[in-house]
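The values are calculated or read from the model by the stated rules, or taken from the named source; none is laboratory data. This structure is a prediction, so every number in the text was calculated from the model and none was measured. With ideal geometry, Cβ positions are generated from the backbone for all residues, glycine too; neighbour counts draw on all protein chains shown. For the accessible areas, the whole protein counts, side chains as well, though only heavy atoms, and no ligand, DNA or RNA atoms are used. Shrake-Rupley method; radii C 1.70, N 1.55, O 1.52, S 1.80 Å.
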Amino acid sequence: MSPVFAHGRLRLYLLKLLDEAPRHGYEVIRLLEERFQGLYAPSAGTVYPRLAKLEAEGLVTHASEGGRKVYSITEAGRAELAGRGAELTDLEREIRDSVSELAAEIRDDVRGAAGRVRSEMRAAAGQTRKAEASSFADAKEELRRAKLEWKEQARQAKAEAQSARHQAKEFQRIAQQVQEEVQDRFSRGDWPKGVWEGISDITAQLGGLVAGTTHPKAAARAAGAGRAAGEAGETGWADAADEAARAPEWARDADGSGDPGRDLDRLLDRFRDEIRDAARDHGVTGDQLAEARRHLSTAAVRITDVLNPRREG
């Protein structure tokens, strides 16, 4: 911003204001601000030292009114003002021009500041839109991943249900084959061995249920039993032998003591010990207990039917 008063011009304008009427220092400051339409307000540190210098030069004097100095122009001051009339005219024109220039500079400053504010607001709005778009895209992607995960979980649940139904049907088929085989052995007079093998099959089923795993050697024995049964032509017994091969050694031992009743008691004791050991080693859940109860009930019915074939009739 260009200076309002060139060198020595403020001194001349103070003489003009005091020539209009006596004034105290604060009134001089207020008049200067009014003449410049509020665009220029000189400080007390600018005005009072100049008034004191004019007084020292004999151009102004002061009187105290209510504790304040009221300055008045002297005859010497009026003489200097009259001698500088043309300069005063130029000064008043310059003041008008300065006011216009100051107003234009202020308008430019305000316009520039407003432009910067608008630019910053547009940039902030753009960033906000980008952030909202990014958040929306993230939420959309998260929803897409959630849908895929839900679909995969539903697919796995469906596959597990189908597998469970298949296993249930397979177990029923194997159990039926075991029962038929035991009954066949009984009809041929080989009922002790049939009972042993029937209990071996049920033991293998319950052992697998509690432990949840099949030992690799047992799987190999099952495969070998399946191949041997196929070579012997016993197609119906092959699947049952596959399951029976998973049973412990004592369950596959068909040799008796010659006392079938005593052998059956011993067999049942070994059967009970096998199940207790599996439960102790691996633990038992509520679901496993319910499943074990079902298998034990099935085994009891089948073995009772073997021992009392007339019951079927």
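Only residues that are acidic (D, E) and touching a helix residue (DSSP H, G or I) at 6+ places or on another chain (Cβ under 7 Å) were counted in the range 55-77, giving 0. Would the range 92-110 turn up any residue that is surrounded by 16 or more Cβ atoms within 10 Å (Cβ to Cβ), under 16 Å from L10 (Cα atoms) and of a type in the set (K, R)? No; the residues of the range 92-110 include none that is surrounded by 16 or more Cβ atoms within 10 Å (Cβ to Cβ), under 16 Å from L10 (Cα atoms) and of a type in the set (K, R). Within the range 269-295, the residues that satisfy the criterion of being open to solvent by less than 80 Å² (accessible area, probe 1.4 Å) and closer than 25 Å to Q176 by Cβ are F271, E274, I275, A278, Q288, A290, E291, A292, H295.
The set of residues in the range 13-54 being under 18 Å from A82 (Cα atoms) and either in contact with a helix residue (DSSP H, G or I) (Cβ under 6 Å, 6 or more places away or on another chain) or surrounded by 12 or more Cβ atoms within 10 Å (Cβ to Cβ) (or both) consists of Y13, L14, L15, K16, L17, L18, D19, P22, L54.
Here R84 fits the description: among the charged types (D, E, K, R), open to solvent by less than 60 Å² (accessible area, probe 1.4 Å) and within 12 Å of L12 (Cβ to Cβ). Restricting attention to the range 1-51 and to residues that are among the small types (G, A, S) and at pLDDT 85 or above, the residue that is nearest to V110 (Cα to Cα) turns out to be S43.
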